[in-house]
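Take a look at the structure set out below.
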Amino acid sequence: QVQLVESGGDLVQPGGSLRLSCAASRSIFSFDVMGWYRQAPGKQRELVAHITSGGSTNYADSVKGRFTISRDNAKNTVYLQMNSLKPEDTAVYYCKAQRISINYWGQGTQVTVSS
């Protein structure tokens with residue numbers, strides 16, 4: 001079984017920054033794709049960004065130019081650097097690891113952007 005533990009969520013003012021971390025219980029080399037998703041109240045969970053084992057990245061249009069996903073293989077950790085945060089970024093952020101057709105999810109971390 002794989003465990004993913006997210007951290008770094010917080011209350012931040014509009015225009016601020018946060019860095020989320022997702023620590024895996026085993027080597028992230030074993031996953032084809034790792035990604036960040038978010039779910040706001042009353043809305044469906046949506047993809048924010050993902051990074052493949054080869055390092056290719058993909059972002060939702062709403063976060064392009066503001067968020068950056070990265071991975072530290074030595075630490076088995078994936079990060080999401082979030083800059084220029086907006087109130088509409090408020091959500092629970094989840095980490096997902098995918099290997100072939102199997103998905104693993106973390107418990108989520110709350111990000112609230114408000115003045």
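The values are calculated or read from the model by the stated rules, or taken from the named source; none is laboratory data. These numbers come from a predicted model, not from an experiment. Here the Cβ positions follow ideal geometry from the backbone for every residue, glycine too, while neighbour counts run over all protein chains shown. With ligands, DNA and RNA removed, areas are computed over all heavy atoms of the protein, side chains included. Shrake-Rupley method; radii C 1.70, N 1.55, O 1.52, S 1.80 Å.
Over segment 8-71, the fraction of Cα-Cα pairs per 5 Å bin, rounded to whole percents and listed from the shortest bin up, is 4, 14, 22, 27, 20, 9, 4, 0.
Counting heavy atoms of the protein chains only and a 1.4 Å probe, report the per residue accessible area for the chain as a whole number of Å². The partial results should precede the final answer.
On the way: 6120 Å² over 115 residues.
Here the per-residue accessible area is 53 Å².
Note on segment 35-115: dipole from Cβ charges, positive end direction compared against Thr90, Val78, Ala49; the farthest Cα belongs to Val78. Between Asp61 and Ser25, the modelled label-to-label distance comes to 3.9 nm, taking each label 7 Å out from Cα in the direction of the beta carbon. Counting heavy atoms of the protein chains alone, Thr109 has an accessible area of about 20 Å² for a 1.4 Å probe.
Taking label positions 7 Å along the Cα-Cβ direction at both Asn83 and Ser115, the computed distance is 2.2 nm, reported to one decimal. The figure for Arg45 is an accessible area of roughly 90 square angstrom, using a 1.4 Å probe on the protein chains alone. Here the convex hull built on the C-alpha positions of the chain has a volume of 95 cubic angstrom per residue.
At a 1.4 Å probe radius, carbon and sulfur cover how many percent of the accessible area of the chain? The computed percentage sits at 45.
Using per-residue counts of other Cβ atoms within 10 Å, averaged over each peptide, order 18-28, 88-98 from highest down. Please list the in-between numbers first.
Values: 18-28: 17.9, 88-98: 19.9.
Ranking the peptides 18-28, 88-98 by packing returns 88-98, 18-28.
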